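Here is the structure we will look at, set down as structure tokens.
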Amino acid sequence: MPQSLSVRENVTVGILALQGAFAEHQVMLQKLSLKRRVVIVLIRLPEDLEKCDALIIPGGESTTIALLARLAGLLEPLREFLKTKPVWGTCAGAILLARAVQGAKKGGQELLGGVSVAVERNGFGSQVESFEAPLEVEGLRESNRPFHGIFIRAPVVISLNPTPTDPPIQIISRISTSLLPADQTSVPHDEDDTDPRDPRTIVALRQGLHLLTTFHPELTKDDRFHEYFIRECVLPTLSRAPSPA
């Protein structure tokens, strides 16, 4: 078999491996059972990105990840990468994908800015205010089975700010308003306690090629979000028509 055809049978996914839960994402990708083999590249240098069809930015400490990315010469290559290829940000990764952030540390927060949202850093509170919740997620395999969401110093989506030329934002999961931080004023809600008028209930969304989750799918034993990212975000972008996952 020609090498070029053999390469197309693989999906190469990079994981930004500067700080945070990159090893947990690696384990989850290794568990996937798909018709295409998932090749994993741990991204620490700009040249690592050149091998990848897609990228995952893990949870961790967003300011530290951004600083280490700058020191490694990765910030601008990452910004260029997300212009054409799928990127998934979880928790700290979601902060880095946002176009604006509130609650940044002194000195500010460098962002990649691939998704048209504003988030509040540590919006759900400190480490001791971390929580877990069952989530209904549109498009997951076995979508009638809740996904176990783990929220650790999670960011809160505070606004959706797409421009007329941006791809539409697709909200795929919300939480109940009862789980929002107690010190924030809640938008009044009726029978629907995942109030669609309140962006703070959004915990997972897609825009164009990109996926953003404010929680940590990699810390569960459930690989459905990782399968979703490959199936819905990555395979459709490959030049050769993908086999069904």
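Rule-based calculations on the coordinates, nothing more; no lab input. It should be emphasised that the depicted structure is a prediction, and the values quoted were computed from it without experimental measurement. Neighbour counts run over all protein chains shown; Cβ positions are idealised from the backbone, glycine included.
The table for this structure:
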item	result
Calculated FRET efficiency for the pair residue 44/residue 131, C-beta based, R₀ 35 Å, to 0.05	0.60
Residues listed by number, segment 18-36, amide nitrogen under 11 Å from residue 71 label point at 7 Å toward C-beta	19
Long-range HN-HN contacts of residue 215 with modeled amide H, under 5 Å	91
Where the Cα pairs of segment 117-175 fall when distances are cut into 10 Å bins, in %	20, 38, 34, 7, 0
Under-5 Å amide H pairs with residue 39, H placed in peptide plane, nonlocal only	11, 12, 13
³J(HN,Hα) computed for each position of segment 46-51 - Karplus, 6.51 cos²θ - 1.76 cosθ + 1.60, integer Hz, glycine/proline x	x, 5, 5, 5, 5, 8
From phi via Karplus (6.51, -1.76, 1.60), per-residue ³J(HN,Hα) for segment 65-79 in Hz, x at Gly/Pro	4, 5, 5, 5, 5, 5, 4, 7, x, 9, 4, 5, x, 5, 5
Computed label-point distance, nm, for sites residue 165 and residue 105 using a 7 Å Cα→Cβ extension	3.4
From phi via Karplus (6.51, -1.76, 1.60), per-residue ³J(HN,Hα) for segment 15-20 in Hz, x at Gly/Pro	10, 5, 10, 9, 5, x
Proximal lysines to residue 51, defined as alpha-carbon separation beneath 24 angstrom and excluding residues fewer than eight positions away on the same chain	31, 35, 83, 85
Low-density loop positions, GluC sites (Glu not before Pro), segment 36-136 - DSSP coil, at most 14 other Cβ in 10 Å	50
Two-site label geometry, residue 79 and residue 10: point separation in nm, points 7 Å out along Cα→Cβ	3.1
FRET E, pair residue 30, residue 51, Förster distance 25 Å, beta-carbon r, rounded to 0.05	0.90
